[in-house]
Amino acid sequence: MAIKVGDKIPAATLKVPTKDGIQDQTTEQLFGGKKVVLFSVPGAFTPTCSMKHLPGFVQNAAAIRAKGVDTIICLSVNDAFVMGAWGKDQHVGDAIVMAADGNGEFARALGLDFDGSKFGMGQRSQRFALIADKGVVTHLAVEAPGKFEVSSAEAVLKAL
């Protein structure tokens, strides 16, 4: 069953590339006591993710933070090395936390995973965006398969 508005973010540990190397970060560390925007993509370096989804959040990071958001997190079922390289390629800097869910455990805990095996991608996360306040989901927008409409940075800005 998928997470819904009013639910608490499940406990998980993600891998986050930093200037000091790859760090384990728990969902309690990432979400606890903060207002957070999390957006998830099916894969780093994939077309829509690289041309629209992540760039939209990079371009709108300041406007999102101006709405009281403490942290913006990009999640993908990729390893932390890939997420780090993608963040550098997209000039993310410190604007967005590039969080790796390498085994898809967090996506499964959210109930927002999907089987991309027919595309050669294995288990992945659906494309979605959520807003959480102190670890509780206040907004959730899950894309229909193949769509990019409700989880964009612009849509999140309207929801804030």
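We did not get these values from a lab; they are worked out from the coordinates using the rules stated. Everything numeric here is computed off the predicted structure, so don't read it as measured data. Cβ atoms come from the backbone with ideal geometry, glycine included; neighbour counts cover every protein chain shown.
Numbers below:
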| item | result |
| --- | --- |
| Flagged links, alpha-carbon separation over 27 Å, of Lys88/Lys118; Lys52/Lys158; Lys4/Lys158; Lys15/Lys158; Lys19/Lys118; Lys34/Lys158 | Lys88/Lys118; Lys15/Lys158; Lys19/Lys118 |
| Choice from Phe119, Phe45, Phe57 with maximal GNM fluctuation in the chain (Cα, 10 Å cutoff) | Phe119 |
| Anisotropy class of segment 56-139 from Cα gyration tensor, a/c 1.5 cut | oblate |
| Neighbour-count ranking [beta-carbon atoms within 10 angstrom, fewest first] of Arg124, Arg108 | Arg108, Arg124 |
| Under Karplus coefficients 6.51, -1.76 and 1.60, residue-wise ³J(HN,Hα) of segment 86-101 in Hz, glycine/proline x | 5, x, 5, 4, 9, 6, 6, x, 8, 5, 9, 7, 8, 9, 9, 10 |
| Integer Hz, Karplus 6.51/-1.76/1.60 couplings in order for segment 41-54, x for Gly and Pro | 10, x, x, 4, 6, 7, x, 5, 5, 8, 9, 10, 5, 5 |
| Segment 1-99 - percent relative contact order, Cα under 8 Å, separation 6 or more | 32 percent |
| Charge tally in the Cβ shell below 11 Å around Glu149, where Lys, Arg are +1 and Asp, Glu are -1, Glu149 excluded | +1 |
| Ser50, Ser152, Ser76 arranged by Cβ crowding within 10 Å, fewest neighbours leading | Ser50, Ser152, Ser76 |
| Hz values of 3J(HN,Hα) by residue in segment 5-12 - Karplus curve (6.51, -1.76, 1.60), Gly and Pro given as x | 4, x, 7, 7, 4, x, 5, 6 |
| Magnitude of the charge dipole, segment 13-159, Cβ model with Lys/Arg +1 and Asp/Glu -1, debye to 20 | 320 debye |
